[in-house]
Amino acid sequence: MFALDTLLTETGLIRFDKKTCECLEKMGLRTVGDALTYYPRRHEDRTQFSTFPENPTAESICLHVEVIDAQTRFGRGRGKRWFEATVEPATGGNLLGNRIVLRWFGLSYIQKIIAAGHLLVVYGQPKMSGRKLVIDHPDFEIVDDDPSSADAHMGRIIPIYPLINGINQKSIRTLIHGIIESVTDETIVDWLPPDSVDSELTRAQAIRQTHYPDSFESLEPARRYLALEEFTQLQIILQKRRAEHRAKGGKSHAGPGTLLEKFLSDLPFAPTNAQTKAWEQIRADMVAEAPMVRLLQGDVGAGKTLVAAVAILFAIEAGFDGALMAPTQILAEQHFQSFREWFEPLGIEVTLKTGNKEAGGDLPLFAGVGNGYGTLTIGTHALIHDESRFPHGLGLAVIDEQHKFGVDQRQALINRGDFPDVLVMTATPIPRTLALSFYGDLDVSILDELPPGRGKIITGIRLTSQGEEAAKFIGEQVANGRQAYIVYPLIEESDKISAGAASVEYEVWQKRLPDISMTLLHGRMTGEEKDAVMEEFRSSRASVLVSTTVIEVGVNVPNANVMLIYNAERFGLAQIHQLRGRIGRGEHKSFCVLMLDSDNADARERLEILEKTHDGFVIAEEDLKIRGPGEMLGTQQSGLPDLKFSDFLGDSRLVERSREIARGMVGSDSA
């Protein structure tokens, strides 16, 4: 019998050569306890395999096959080759002579592994290639008839684990199966409090059933038990962090509100009730002597920037400096322009500091002397490391686009010696369960009301083959004095392939619209080049902006009322909603057109919700269902444990239950 802290190399369950040990170390597997909590990514039912197919299938299938031929194939062109294994049912009885060709491209090592006569279990989706039925790059495992290993690998529902190069399924499964057989239930102690779980499972039973379930019906409650355990551990971290925040000494960072009255009297519009409620919540936090850590979230165009401006005025009036950090130089510069227009008439100094640009400080000499006000510095996230920027002491830091600002960075900011108040803002709504799970240490203000006077946005789905019709429509809108965005996919700012595609399409659009001024924007440009392009578009010297998604965040050109988004199927719903928020900012009716390739028409169903609703909270919840939390969270998980059961984050009851259990375990009454 093994203890949980027994080293894997001491179990003798598999051959622990140098390469295997290095792989296990990279996978975070050193002890028996590590292996028990290394959970499968899926399961295969090897009690009964799929019927050997004659035609393509709509889903992946699991087959037990025998290799009857294996060879390397060569195609035209230098270095073009692939490996093929022709297979038929392992059980014989193939009266119709059905065969499938398994293919691997660019993986020359496969030819050293698979040979004629091998028995395989393969998992993949058959399709037609010419007249042959093929499966490209299937998951596979060489199996044998050795009765000593059959219980771990065949004749039951078996686990398929996430792997790295250098170790195979059979080895990791043999290891974990041997551990499960050699660890007693008493060794795997229940961690959750008694009566906190709906089922009668113990932790030991849940772990055993998650690896080797008796049935798929017993797998789900076992995984749910372990998800509750994992979420509770996460909530304990967040609630302890929250308690630590509240226990810290701090200062009151809010002035009496005279500046706010003057600021609001000069605005050409009235704030919404939601905005007023949000800044009243923020002011209550800033008056208190415990540091504020608050999340401000709302739909696209709900007016988060105005709320942030009011919060900054509170700090500046109290004699402290403020900082506003944006994720991109474009957004930082746009904030700089807006805040100068708002704040300089109030006698408040506003400066800009990004990686390659510094501007501001243009108030008349001595203009701010004697009023006792702090200053505002706007920049990118590196700004927070510049201590010299805040001579009056940093009273408030506003972090725009929180999902691009890691938890570790946020925590470093909170832990500064001057204990500033911190306000973080999100571009699009976060589904409630994700907000509870990853922002549970923050108080939350929600803007659920849009300012009046915004133009209506009509969203439609069209095919990329309709480019000429799209060009005609843009031409008509430009003739009426409007402007247009044409957006191409971008995975990240430095993605040269996507930027190159935008450059090529820019030339196509110049030919389609030869009499219309247009400009190009992408992530490979320098900061100065991006500034020049955006100024050209803002000033209407350019009527069309062909861009990658660098315009996704915060760009504000009220005269722009058309957006074409090419290859929309490559984006998440929330990201398209965020892009769509760049239009509809003026009084004119606006049009967002999602362009799909004809062979991606199946994406239409997923995107149709964007035609039906403009409610960002509804869209965020739908995005969570479709893409799962992993893609939605992006980098915002950093600083918190990686979740092994993130697919349960959409289960609001489970997340709420984990918060209740954590509250009881921490002994805190915080919400």
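Extension gain Leu107-Thr526, at 0.36 nm per residue separation less the Cα-Cα distance, in nm?
147.0 nm
Neighbour counts of other C-beta atoms within 10 Å: give me Val197, Val307 arranged from fewest to most.
Values: Val197 20, Val307 27.
Ranked by crowding around the Cβ, least crowded first: Val197, Val307.
Whole Å is fine, so just give me how far the alpha carbon centre of segment 568-585 lies from that of segment 241-282.
Measuring centre to centre over Cα atoms gives 30 Å.
Under the classification rounded if a/c is under 1.5, otherwise prolate if a/b is larger than b/c and oblate if not, where does segment 457-630 fall, given a ≥ b ≥ c as square roots of the Cα gyration tensor eigenvalues?
rounded
Sum up the charges of everything whose Cβ sits under 9 Å from the Cβ of Gln169, counting Lys and Arg as +1 and Asp and Glu as -1, but leave Gln169 out.
Working: positive: Lys170, Arg173; negative: Asp139, Glu141.
For residues surrounding Gln169, the net value is 0.
How many lysine pairs does segment 457-630 hold where the Cα atoms are under 24 Å apart and the two sit 8 or more places apart or on different chains?
Within segment 457-630, the lysine pair count is 7.
Quick one: grab the alpha carbon gyration tensor of segment 9-80, order the square roots of its eigenvalues as a ≥ b ≥ c, and give me rounded if a/c is under 1.5, else prolate or oblate depending on whether a/b is larger than b/c.
oblate
Considering the dipole of the chain built from charges on the beta carbon (Lys and Arg +1, Asp and Glu -1) around the Cα centre, which of Pro56, Phe645, His577 is farthest to its positive end?
Pro56
Which distance in nm do the two modelled labels at Phe269 and Arg76 give, with both placed 7 Å along the Cα-to-Cβ direction?
Here the answer is 5.9 nm between the modelled labels.
Please give every one of the lysines within straight-line cross-link reach of Lys251, meaning a C-alpha to C-alpha distance under 22 Å, and leave out same-chain neighbours fewer than 8 residues apart.
Reachable lysines: Lys240.
Can you give the angle from 0 to 90° between the axis of helix 273-287 and the longest principal axis of the chain, with both taken from C-alpha atoms, to the nearest 10?
90 degrees
What's the center-to-center distance, using Cα atoms, between segment 98-163 and segment 508-560 in Å?
Distance between centres, Cα-based: 50 Å.
How far is helix 652-666 tilted, in degrees, relative to the longest principal axis of the Cα atoms in the chain, given as a value from 0 to 90 rounded to the nearest 10?
Its long axis makes an angle of about 80 degrees.
What ranking of His335, His245 emerges when the number of other C-beta atoms within 10 Å of each C-beta is taken as an exposure proxy, fewest first?
Ordered by Cβ neighbours within 10 Å, fewest first: His245, His335.
Using per-residue counts of other Cβ atoms within 10 Å, averaged over each peptide, order 585-593, 123-131 from highest down.
Packing proxy ranking, top to bottom: 585-593, 123-131.
Students often get this wrong, so try it: which of [x] 49, 29, 23; [y] 51, 36, 21; [z] 42, 33, 24 is semi-axes √(5λ) of the Cα gyration tensor in Å as calculated from the structure shown?
[y]
Highest mean first, what order results for 13-19, 227-233, 46-52, 642-648 on Cβ atoms within 10 Å?
Working: 13-19: 12.9, 227-233: 21.9, 46-52: 14.6, 642-648: 17.0.
Order by mean packing, descending: 227-233, 642-648, 46-52, 13-19.
Just so you know, all these numbers are worked out from the coordinates, no wet-lab data involved. As the structure is a computational prediction, the values presented were derived from the model and not from experiment. Because the Cβ atoms are built from the backbone with ideal geometry, glycine has one as well, and the counts that use them run over all protein chains shown.
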